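The structure appears right after this line, and notes come after that.
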Amino acid sequence: MLQPEDFDFLQKSLPFWDRLSAFQKELLSREARINRFAQGQTIHSSENECAGVLLIKNGFLRTYIISDEGREITLYRLDPGDICILSASCVLQSICFDVFVDAETDCEIIRIGSPLFSRLSSENVYVELFSYQLAAERFSDVMWTLQQILFISFDKRLASYLLEEAARSGSPLIRTTHERIARNMGSAREVVSRMLNYFSKEGLVSLSRGGITIKDPKRLRSLIS
C-alpha cells in the first residue's frame, strides 16, 4: 500500500492523472505498489514476468540489451523522477526485442502492474497517448545510443561518458570499474582499459583501485568537440 508521500509522487509523476475518472484514480491508487531493489538487482528481463511501468522515486536504473555474443549494450539510464516504459513491453505490442532493466544503485520505485496499465490504456485515450509518447522518447534515446556506437570514435565516447558520470555524482571521482564501463558502453573491458591508460598518460585522468578521477575536464571536453 502506498504511503501519503508515495501517493503524492504518483500524482505528480503522471501527466494524465487529472484525465482519469474517479474510479480509475481509486483503482490506480489501490493497485500501485512501492518496491525496493538493491544495487545490481535485475528488475526486468526476458525471463521474468513483465514488470509494468516503473516510476523512479529514488535511485538510478540502467536499461540495456544483450547481443548474441553475450555483450551488454546500455540503451539509456534513468534518474529519479523518470518513468520506465520499456519494462512494460508486454503492453506495448510494437516492442519486439528483449529489454533488461537493472538497478544501478539501491532504488525505490512505484510500480504500476502491466494488467492495470493495459486496462487503463484501453479505457482512457490519455493514458494510451502518454504510453506511446514516452515510448517514442525512449526510442529516440536508443537511436542516439546506436548513433554514438556506430559513428563516434571510442575516445570521444569515453570522454563524454566520464564527464557525464562526474556530473551525475557531483564529484571528479567516479567510483566504478573498467568492466562496468565496458558494459555501459557496449564495448570490451580491454578496449576501455587501453583507452583509460592512454587518458592517464596524457594527464586527463588518474586511475586507482577505487575508481577514476578526472584531472583535466577542460581537455577531456575538447576531445568531444
Residues of the stretch 8-24 being over 27 Å from Val101 (Cα atoms) and surrounded by 13 or more Cβ atoms within 10 Å (Cβ to Cβ), which ones? Arg19, Leu20, Gln24
With the first residue restricted to the stretch 184-198 and required to be closer than 25 Å to Phe60 by Cα and in contact (Cβ under 8 Å) with a residue 60 or more places away in the chain, and the second required to be among the polar types (S, T, N, Q) and open to solvent by 20 Å² or more (accessible area, probe 1.4 Å), Cβ contacts under 7 Å at 6 or more apart or on different chains are none
Consider Asp82 carefully, then state whether it is open to solvent by 10 Å² or more (accessible area, probe 1.4 Å) and within 21 Å of Thr176 (Cβ to Cβ). yes
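Would you point out the residue of the stretch 100-142, among those that are among the aromatic types (Phe, Trp, Tyr) and over 19 Å from Ile43 (Cα atoms), that is surrounded by the most Cβ atoms within 10 Å (Cβ to Cβ)? So that I can check it myself, show each step before the final result.
Initial filter on the stretch 100-142 (among the aromatic types (Phe, Trp, Tyr)): 100, 117, 126, 130, 132, 139.
With over 19 Å from Ile43 (Cα atoms) added as a condition, the list becomes 126, 130, 132, 139.
Details: Tyr126: 16, Phe130: 20, Tyr132: 13, Phe139: 16.
Residue satisfying both the conditions and the ranking: Phe130.
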Could you give me the residue pairs with C-beta distances under 6 Å whose first residue belongs to the stretch 67-87 and is within 18 Å of Phe139 (Cα to Cα), whose second residue is open to solvent by 40 Å² or more (accessible area, probe 1.4 Å) and in a strand (DSSP E or B) wherever it lies, and which are 6+ apart or on separate chains? Glu72/Ile66; Ile73/Ile65
Starting from residues that are assigned to a helix (DSSP H, G or I) and free of Cβ contacts under 8 Å to residues at least 40 places away in the same chain, keep the ones in the stretch 199-209 and report whichever is surrounded by the fewest Cβ atoms within 10 Å (Cβ to Cβ). Lys201
Is it fair to say Leu223 is farther than 30 Å from Leu120 by Cα, surrounded by 13 or more Cβ atoms within 10 Å (Cβ to Cβ) and aliphatic (A, V, I, L, M)? yes
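Please find, among Thr145, Thr176, the residue that is touching an Asp or Glu at 6+ places or on another chain (Cβ under 9 Å), surrounded by 15 or more Cβ atoms within 10 Å (Cβ to Cβ), on the phi < 0 side of the Ramachandran plot and of a type in the set (S, T, N, Q). Don't jump to the end; show me each part of the working.
Numbers: Thr145 fails: touching an Asp or Glu at 6+ places or on another chain (Cβ under 9 Å).
The match here is Thr176.
The values are calculated or read from the model by the stated rules, or taken from the named source; none is laboratory data. Owing to the predicted nature of the structure, the values given are computational and were not obtained by experimental measurement. Don't worry about glycine lacking a Cβ; one is built from the backbone with ideal geometry, like all the others, and counts go over all protein chains shown. When the accessible area is computed, the model is the full protein with side chains, heavy atoms only, and any ligands, DNA or RNA have been set aside. Shrake-Rupley method; radii C 1.70, N 1.55, O 1.52, S 1.80 Å.
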